[in-house]
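The structure appears right after this line, and notes come after that.
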Amino acid sequence: MSYWNLPILRFGNPHESLAPRRLIHFFTGERLGEVSQANPGLLIQDVRSAQRTRNVLREIPCRQLVRMIEKATDLYLRGGEGALRLPPAVSHSLQCT
């Protein structure tokens, strides 16, 4: 089984925490992946920047946002370049932890 990393998404950009949680297979002890976690300080920083982010999103036409969501859905369901991981692999890893 391959190792995977699930970062925090901050304003659309992946961000890896300094102390990610390791996901370990409960039977074999194999390290399956890592999940980054946000701490309260990070959340406070992001809330302070929320209005700026809202303003940027308002500048993007609605049709373009819909296309972006469709692309993200396709990457999630089918994988491909830019995909974090295919759902079955994540599901299997989570079942083992």
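Return yes or no: is residue 65 closer than 30 Å to residue 96 by Cβ, not polar (S, T, N, Q) and not in a strand (DSSP E or B)? Spell out the reasoning first.
Numbers: closer than 30 Å to residue 96 by Cβ: no; not polar (S, T, N, Q): yes; not in a strand (DSSP E or B): yes.
So residue 65 fails the test.
When the residues of region 4-57 are filtered to those that are in a strand (DSSP E or B) and hydrophobic (A, V, I, L, M, F, W, C), which remaining residue is nearest to residue 92 (Cα to Cα)?
Here the answer is 32.
No value in this document is a laboratory result; all are computed from the given coordinates. Quantities reported herein were computed from a predicted structural model and do not represent experimental measurements. So basically every Cβ, Gly included, is an ideal-geometry build from the backbone, and we count neighbours across all protein chains shown.
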